[in-house]
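Presented below is the structure to which this report refers.
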There are 2 protein chains.
Amino acid sequence: MSDALRDLLDGRWATLRREAVELLAKLEPTPADLDREQYRAWVLEQLHVLAAGGHSLVAFPAEHGGRDDVGGSVVAFEVLGFGDLSLMVKAGVQWGLFGGAVQALGTRAHHDELLPAIMGLELPGCFAMTESGHGSDVQRLRTTATYDPATQEFVVHTPDRSARKDYIGNAARDGRLAVVFAQLVTGGGAHGVHALLVPIRDASGAPMPGVSIEDCGRKAGLNGVDNGRLAFDHVRVPRAALLDRYGAVSPEGVYTSPVEGDGRRFFTMLGTLVRGRISVAGGAGSATKRALTIAVRYGLARRQFTRPDSGEEVVVLDYLAHQRRLLPALATTYALHFAQEELVSALHDVADDRGQRELESRAAGLKAVATWHATATIQTCREACGGAGYLAENLLADLKADTDVFTTFEGDNTVLLQLVAKGLLTSYRDHVGDLDPWGLARFAADQFVGVVIERTAARAIVDRLVKGGSDALLDRGWQLRQFEDRERHVVEGLARRLRRATADDAFDVFNAAQDHLLHAARVHVDRVVLEAFVAAVDRCRDEATAALLGRVCDLYALSTIEADRAWFLEHGRLTPARAKAVTQAVNGLCGALRPHARRLVDAFGVPESRLTAPILG
Amino acid sequence: MSDALRDLLDGRWATLRREAVELLAKLEPTPADLDREQYRAWVLEQLHVLAAGGHSLVAFPAEHGGRDDVGGSVVAFEVLGFGDLSLMVKAGVQWGLFGGAVQALGTRAHHDELLPAIMGLELPGCFAMTESGHGSDVQRLRTTATYDPATQEFVVHTPDRSARKDYIGNAARDGRLAVVFAQLVTGGGAHGVHALLVPIRDASGAPMPGVSIEDCGRKAGLNGVDNGRLAFDHVRVPRAALLDRYGAVSPEGVYTSPVEGDGRRFFTMLGTLVRGRISVAGGAGSATKRALTIAVRYGLARRQFTRPDSGEEVVVLDYLAHQRRLLPALATTYALHFAQEELVSALHDVADDRGQRELESRAAGLKAVATWHATATIQTCREACGGAGYLAENLLADLKADTDVFTTFEGDNTVLLQLVAKGLLTSYRDHVGDLDPWGLARFAADQFVGVVIERTAARAIVDRLVKGGSDALLDRGWQLRQFEDRERHVVEGLARRLRRATADDAFDVFNAAQDHLLHAARVHVDRVVLEAFVAAVDRCRDEATAALLGRVCDLYALSTIEADRAWFLEHGRLTPARAKAVTQAVNGLCGALRPHARRLVDAFGVPESRLTAPILG
Ligand SMILES: Cc1cc2nc3c(=O)[nH]c(=O)nc-3n(C[C@H](O)[C@H](O)[C@H](O)COP(=O)(O)OP(=O)(O)OC[C@H]3O[C@@H](n4cnc5c(N)ncnc54)[C@H](O)[C@@H]3O)c2cc1C
Ligand SMILES: Cc1cc2nc3c(=O)[nH]c(=O)nc-3n(C[C@H](O)[C@H](O)[C@H](O)COP(=O)(O)OP(=O)(O)OC[C@H]3O[C@@H](n4cnc5c(N)ncnc54)[C@H](O)[C@@H]3O)c2cc1C
């Protein structure tokens, strides 16, 4: 039975996933008690093992020796999430962010020159977007790249401390070349943010002239990654350093671009980097699975307090409170897994502009929800393991510390959910990053005709379930209807509120509705996630497995409703009696799934070599 | 204005609190980048500075050179919570747990011999209760201390690995003597858990014969504390090693005790150690205050995204979402501060057995709620500071890691809340630790006549408010009635459920109601906390300050109701319209308090020397 489950979880990239697990097995587990410098050196060494093992080929074009498998590259990254997370993040910086930017924003010459060395790790590099002063609002970066036609060079410059590039992975120790995001200026004026290649260290590892590098020092976690700060003092790079797919400067200094408008162009450029966000969601999922595997297995082994009737000590996962801490989180982890796989498929297959915008919105939403789920669940797992959970040897300490920043990097979650809500309000008609509150209010007023629930996967099965069925809490159709109805109501209510805005008070009206906006995004993501889960259950050909998975799906659906049951009560969707019944049903499902807990975590396929916690015996 | 606020917060032990802050100023801030061994050495050094500065005198009896100020000792510990938390915990182990156990469980001879050296830190020691196999259920510890009348010695023995003492502070490096909890056995039989003094290291620092010591190694945080494991191989200690206040063994091996019943005796002994739990609640409060001070001040300085109407970048604390993350947490921190002060007063003044049991229950409840609040709030503060919050230099990383275990040690929170609920069901008539589910069910059936809401502080003012007033959300009487009514209803409902249990199914009935039990405990603590806040507002003589504090109290009350509004809706206490109005009122209060945010965190009095985060400029 657990094999059918495992197969289902392995999904579309099953072969690649298994290959990646084999490669992971070739890596060392993180040695204990390295100091920061040693840890960084070890991570770099392991990164070379990954490169040698072909990890970095997956994402890149076949013509440069790659495997041209975008979706697969996210899956391979996810698998790294079972192991050392500094290594995963460093791989993400090198091949996902740095290599990905060269690939997506550069053109032929850049690819030919750089991609092979990037893949092979002969050229370690950085993705230098964030500045001390601007992280979420990257459109207002203040580093400048000014074209000098006299020498046909760009002059890259950091005007002041708040314009330093900050938190940049690979910058403090290993990076040679950086993709630097800067305001592009030519004689013709300013053209918004563009990316340029700027060498930051020479072959000996010394900073290049005009480049100053600082170390961000110790962090809460991910201390195997060398994050640093970069500042540029009128650093000159050749004209060819501009990654010019979306904007080019002629030798004479004439700027041209295939995309109209600085804002739209910038968000188009950002959009091509969406894979990073999807990767973080996947990495968060893997870390969550590993934490849950530890906590559930310990919960099944640990006994505390005696049953007076039998005199036996009670297995802690037999306590309702313990089940409630771990099993709904387990169910949600399943749900997010299937949603993630669907998202990766969408990334792999995306075909048009609107699809791209929907993908970006979905990536933002899932990244936010998956990383907050990781933060909360890993915290719970630590607590569920009592004092043992606090010892580094039992792995949860590092899982917590390393993943803590996932809610922040690759887009702050609170900011991302606002993008999602804006996407809903505009039905993905344009790049929402570029819409200010007043623009959005007009959208809501003029163009928004009501929420169209756009089914994601398995449209047919969801349609059928939504239409049929009973009103029982365990009826899948009822569950789907609740999620769908909630989304429609919350988003429409939001549109109504925002429509009242005028040009003068648009910001304030939006700000007063910010909690509503965030709720709209959340309930939308919840619905998308539930549909992905429903589709997965439907795909499952093994009957017993499908039945088990159905219960897990029930637990996801009902615990999600339970958590927001105040909304359902406030809006007359649940009577008080029925709301209480939801709570009872969640308790019942916890009890029903308790005997399957081990099987359910085993199916995640976390390699035993990454489960070396002594508490697992 | 902020002085009146500061005075109110400083409270009954204001003088001592200020002294303690001065002493804290004499300590070094934690040096960056120490390795574990250096960090431990540094903490020990600072502990000597504390001892020299008189910190350790506060708690101990005047006749041994102390200041006899139990309440004050908790306040002094709280102040340490503004600084390095390894140091705070190490101080707590040495003087609170180890010294406290000698004082509370020992008799004259022990005090005369040991207390001066404990206070002066000439004798570093351990409190060795927890075993690998038993943490929450300490009544079932398996270390034995068997009396040998032939030599008039106790033989202390660890039967197997699961009976090792585990996680013991001061054990891995510095401790010389340990208070070891063990099952006491004499010729007359077994007498339950007692505490004995067992030397674990000689003057040179080498383990004593028969004692093996292991290092717990790296932990998520608190790495300046040397936690270790102790095992005893038939270690002999003299008869006088038994801390014999609650149970003594004559030279011939005859056991006597002033307390009947092994269980009751053990819980009486544990009860005398309640100060440790109260201290952790206080330490959690200080860490929370420090985190909030950082996050609020950064929130007031950080700008991100532009207001389209003015073109100015927006201060992030002007975003509703940011206010909602920080300001209700700030209000709750105020509420818990006042509840903590009341608890410390109760500890200081406790006069009788019932008072003692109520104190233990309140300590358990407040410890659980305060430490979970710390965990959640510090997490939020980290996220609210974006990428900067992840860097160690900005202090939140260590605050998070160090406090993470507060929910576990000094009693696992989930276990503690169950004690609280049991106390409510029995109206503190007996030591609940010793009551099994069936015993409790009988209590609920026979003796429980309904919840008597026992007012804590300012009985008169609360009574008056509860009786008067309107039904407006901002009416204090209405708020108090909501908390009170919820507690009564939840606890009575619980009693009704449990009453149905029979001897055969008592465990299962209890287990099925475990979520209800935990909820009962929570809502009880909420009510006690609100009353403490109300009493504090009432004490405030400065009118403007009282008005401000009143708004903070509103925010505490309404955000607490909002978080549990599903319950109020399910039980017909709030209509849907009114529940939505609660949410709007919380938003409104956030906006109203936003201009006072700086003043409110400043009043916490975290010394500037402990706010060296570069993001604070
Ligand atoms: C370990 C680490 C590695 C990193 N690696 C890289 C890298 O390799 N390359 C790179 O370019 N960057 C990197 N970053 C930077 C990262 O992407 C940014 O930290 C992130 O984008 C957030 O930006 P910020 O820190 O400036 O936070 P801010 O944008 O200043 O946000 C601060 C707080 O304000 C809130 N806030 C902001 N705007 C709003 C709003 N409109 N409404 C409500 N709330 C709001 C946010 O929720 C957040 O809590 C890294 C960061 C870290 C910590
Ligand atoms: C850093 C650190 C320092 C420490 N210092 C000391 C010290 O100096 N001296 C000392 O004696 N001890 C010390 N301890 C031990 C600490 O007090 C214990 O870890 C704590 O009491 C919890 O016990 P446990 O770890 O055995 O968890 P367990 O009791 O095994 O609990 C494990 C999990 O099961 C759950 N659980 C248990 N029972 C129930 C139930 N009935 N219902 C529902 N859920 C349940 C708990 O909530 C928890 O999540 C320290 C621990 C740490 C981590």
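Taking segment A:307-329, which residues are within 10 Å of chain B (Cβ to nearest Cβ) and modelled with pLDDT of 95 or more? Before you say what the answer is, go through the steps one by one.
Step one: list which residues in segment A:307-329 are within 10 Å of chain B (Cβ to nearest Cβ), which gives A:307-310, A:313-314, A:316, A:318-325.
Correct list: A:313, A:314, A:316, A:318, A:319, A:320, A:321, A:322, A:323, A:324, A:325.
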| Just a yes or no: is a residue in segment A:330-338 within 21 Å of the chain's Cα centre (by Cα), within 16 Å of ligand 2 (Cβ to nearest atom) and within 28 Å of residue A:296 (Cβ to Cβ)? | yes
| said: For the condition among the hydrophobic types (A, V, I, L, M, F, W, C), at pLDDT below 85 and in contact with a helix residue (DSSP H, G or I) (Cβ under 7 Å, 6 or more places away or on another chain), what is the one hit in B:416, B:440, B:396? | reply: B:440
| Which members of segment B:104-135 meet the condition of being in a helix (DSSP H, G or I) and either within 16 Å of ligand 2 (Cβ to nearest atom) or under 18 Å from residue B:239 (Cα atoms) (or both)? | B:104, B:105, B:108, B:109, B:110, B:111, B:112, B:113, B:114, B:118
| query | Restricted to segment A:368-391, and to residues that are away from ligand 1 (no atom under 16 Å from the Cβ) and under 13 Å from residue A:285 (Cβ atoms), which residue is nearest to the other protein chains (Cβ to nearest Cβ)? | reply | A:378
| message | Could you go through segment A:276-283 and let me know if any residue there is within 14 Å of chain B (Cβ to nearest Cβ), modelled with pLDDT of 95 or more and at negative phi. | response | yes
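Working only within segment B:112-131, note down all residues that are over 22 Å from the mean Cα position of the chain (by Cα) and either within 10 Å of another protein chain (Cβ to nearest Cβ) or of a type in the set (Lys, Arg) (or both).
Let us first name the residues in segment B:112-131 that are over 22 Å from the mean Cα position of the chain (by Cα), namely B:112-124.
Hits for segment B:112-131: nothing passes.
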| query | Only one of (1) within 16 Å of residue A:220 (Cβ to Cβ); (2) away from every other protein chain (no Cβ under 14 Å) fails for residue A:397. Which number is that? | reply | (2)
| request: Any residue in segment B:489-503 that's in a helix (DSSP H, G or I): show its pairings with residues that are aromatic (Phe, Trp, Tyr) at Cβ separation under 6 Å, as long as the two are six or more apart or on different chains. | output: B:495/B:448
| query | Within segment B:8-27, restricting attention to residues that are out of contact with any helix residue (DSSP H, G or I) (no Cβ under 7 Å at 6 or more places or on another chain) and of a type in the set (Asp, Glu), which residue is farthest from residue B:607 (Cα to Cα)? | reply | B:19
| What number of residues within segment A:532-589 satisfy the criterion of being in contact (Cβ under 8 Å) with a residue 40 or more places away in the chain and at positive phi? | 0
| query | When residue A:121 is evaluated against the numbered criteria (1) more than 11 Å from ligand 1 (Cβ to nearest atom); (2) surrounded by fewer than 17 Cβ atoms within 10 Å (Cβ to Cβ), which criterion, by number, is the only one it fails? | reply | (2)
| Any chance segment A:522-538 includes a residue that's assigned to a helix (DSSP H, G or I) and more than 23 Å from the chain's Cα centre (by Cα)? | yes
| field | Answer residue from segment A:494-553, given it is at pLDDT 95 or above and of a type in the set (S, T, N, Q) and is nearest to residue A:5 (Cα to Cα) among those | value | A:545
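Residues are listed down the side, and each one gets a yes or a no for (1) away from ligand 1 (no atom under 14 Å from the Cβ); (2) in contact (Cβ under 8 Å) with a residue 60 or more places away in the chain; (3) assigned to a loop (DSSP other than H, G, I, E, B); (4) within 14 Å of another protein chain (Cβ to nearest Cβ):
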site	(1), (2), (3), (4)
A:146	yes, no, no, no
A:154	yes, yes, no, no
A:166	no, yes, no, yes
A:197	yes, yes, no, no
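Residue-by-condition table, conditions (1) of a type in the set (Lys, Arg); (2) in contact with a helix residue (DSSP H, G or I) (Cβ under 8 Å, 6 or more places away or on another chain); (3) within 14 Å of another protein chain (Cβ to nearest Cβ); (4) surrounded by fewer than 24 Cβ atoms within 10 Å (Cβ to Cβ):
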| site | (1), (2), (3), (4) |
| --- | --- |
| A:260 | no, no, no, yes |
| A:295 | no, yes, yes, no |
| A:331 | no, yes, no, no |
| A:339 | no, yes, no, no |
| A:348 | no, yes, no, yes |
| remark: In the set B:376, B:388, B:384, B:392, the lone residue that is closer than 30 Å to residue A:214 by Cα, more than 16 Å from ligand 2 (Cβ to nearest atom), surrounded by fewer than 21 Cβ atoms within 10 Å (Cβ to Cβ) and touching a residue at least 24 places away in the same chain (Cβ under 8 Å) is B:392
| query | How about segment B:34-90: which of its residues are touching a Gly at 6+ places or on another chain (Cβ under 6 Å) and basic (Lys, Arg)? | reply | B:40
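Could you grab me the full set of residues in segment A:199-216 that are within 14 Å of another protein chain (Cβ to nearest Cβ) and either in a loop (DSSP other than H, G, I, E, B) or of a type in the set (Gly, Ala, Ser) (or both)?
The one that is within 14 Å of another protein chain (Cβ to nearest Cβ) and either in a loop (DSSP other than H, G, I, E, B) or of a type in the set (Gly, Ala, Ser) (or both): A:216.
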| Within segment B:379-407, tally of residues that are closer than 17 Å to residue B:326 by Cβ and touching a Phe, Trp or Tyr at 6+ places or on another chain (Cβ under 6 Å) | 1
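The values are calculated or read from the model by the stated rules, or taken from the named source; none is laboratory data. In this text, all values refer to a predicted model and were calculated from it rather than measured experimentally. No Cβ is skipped: glycine too gets one built from the backbone with ideal geometry, and neighbour counts run over all protein chains shown.
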